[in-house]
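Report on the structure given below.
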Amino acid sequence: MDARVIGMDCDPEVVARARRTPPALAPAFTAVGARFSELETALDSLGIDAVDGILADLGLSSIQLDDPARGLSFDREGPLDMRLDPTREATADALIAHSDEATLAGWLSELGELPRARAAARVIRRQREQSGPLTTRSLRDALAPLYPGPARSRRLAQAFQALRMAVNRELDELRALLDAAARVVRPGGTLVVIAYHSLEDRMVKQAFRPPRPSEMWEEPAPEPWEPLTPKPIRPDDAEVAASPRSGSARLRAARRRPGVPAPVAREGHAS
């Protein structure tokens, strides 16, 4: 294959693994440690100012989820860390320790779409105050009585998702990626994003959709993206059977429109 492929991840263990086992079909492969918000800086460091396409997979790997030291799963006993990028200062436990009940409830409700978020925040804070640093098991045990019955596993997953997203600022990182992609993808190039829950998918959908004028007589602003997927593509039954964790995946794609100027970089980008 006559192509250059850049793989980017904020997790240094993922980057190291990619460097040991590069894709067989892409001999010109470079693995880079960077967050989505560092996309332009990472490309600049490689002497690249534009790319033909971006594939962004927003999910976690099974290796990450199944590692007890990560604290990402309520099925694995370990410290409540949840950082994908270990250079981030605050673990999930530290974030809980330094956040008030209202802030914690907001994360659980907005990022995890968790019912009874205020009550959940209250029991989490109480557990932290009584027992000290939280582990995955102590967090699970604190929340379990709030969510009896067959829905318990789903509710626990929602709570863990919310805390992980807060720790890693995942929506901010996705917003930065969608903003930068319109500047680095060449006209005619493609942006493909695989999201795994409704908050991410909604952001991608809105980024690909032309903005509505604030006044009825205004002309619509030029939209850099031409959607290629009117509806998200979902895995079929065979894919889900082979990889059950893929069941929530939603893929959307768009082509960079020629002739539409790239948006100006938002304040804070350093190239």
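Using Cα atoms only, what is the angle between the long axis of helix 152-168 and the major principal axis of the chain, expressed in degrees (0 to 90) to the nearest 10?
60
Taking H placed 1.01 Å from N in the peptide plane, check which residues at least 5 places from residue 8 or on another chain put their amide H under 5 Å from its amide H.
Hits under the 5 Å cutoff: 32.
Of the accessible area of the chain, with the probe set at 1.4 angstrom, what percent is carbon plus sulfur?
With neighbouring chains kept in place, the figure for the chain is 52 percent.
Return the calculated 222 nm mean residue ellipticity for the chain, to the nearest 500 deg cm²/dmol, obtained by summing -39500 (n - 2.57) across DSSP H runs with n ≥ 4 and dividing by the residue count.
Helix-only estimate at 222 nm: -11500 deg cm²/dmol.
Please give the solvent-accessible surface of residue 4 in Å², to the nearest 10, using a probe radius of 1.4 Å with every protein chain present.
Estimated to the nearest 10 Å², residue 4 gives 130 Å².
May I ask you to evaluate 6.51 cos²θ - 1.76 cosθ + 1.60, the Karplus curve with θ = phi - 60°, for each residue of the range 136-144 and list the ³J(HN,Hα) values in order in whole Hz, giving x for glycine and proline?
With the stated coefficients, the range 136-144 comes to 4, 5, 5, 5, 4, 5, 5, 7, 3 Hz.
Could you give the angle, 0 to 90 degrees to the nearest 10, between helix 198-208's Cα long axis and the longest principal axis of the Cα atoms of the chain?
20
Based on the Cβ-Cβ distance from residue 2 to residue 154, what FRET efficiency comes out when R0 is 45 Å, to the nearest 0.05?
Efficiency for this residue pair is about 0.45.
Can you work out the FRET efficiency for the pair residue 236 and residue 28, with r the C-beta to C-beta distance and R0 = 25 Å, to the nearest 0.05?
0.20
If R₀ is 51 angstrom, what is the calculated FRET efficiency for the pair residue 77 and residue 226, using the beta carbon separation as r and rounding to 0.05?
On the way: r = 48 Å, r/R0 = 0.94.
The formula returns an efficiency of 0.60 here.
With every protein chain in place, what's the accessible area of residue 41 (1.4 Å probe, Å², nearest 10)?
Here the accessible area works out near 60 Å².
Can you give me the accessible area per residue for the chain, using a 1.4 Å probe, in Å²?
Per-residue value: 55 Å².
Per the Kirkwood treatment, what hydrodynamic radius in Å, one decimal, follows for the chain from the mean inverse distance over all distinct Cα pairs?
The answer is 20.4 Å.
Which stretch or stretches of the range 111-140 have amide N atoms under 14 Å from the point lying 7 Å from residue 101's Cα along the Cα→Cβ direction?
Residues 117-130 fall inside that zone.
Nearest 10 degrees is fine. How inclined is helix 170-184 to the longest principal axis of the chain, computing both from alpha carbons?
On a 0 to 90 degree scale, this one is about 10.
When every alpha-carbon pair in the range 1-77 is counted, what percent end up more than 13 Å apart? Spell out each step's value before the answer.
Working: 2114 of 2926 pairs.
Pairs farther apart than 13 Å: 72 percent.
The values are calculated or read from the model by the stated rules, or taken from the named source; none is laboratory data. Worth saying up front: this structure is predicted, and the values here are computed from it rather than measured. Every residue, glycine among them, receives a Cβ derived from its backbone with ideal geometry; neighbour counts consider all protein chains shown. Keep in mind that these areas ignore ligands, DNA and RNA; they rest on the heavy atoms of the full protein, side chains included. Shrake-Rupley method; radii C 1.70, N 1.55, O 1.52, S 1.80 Å.
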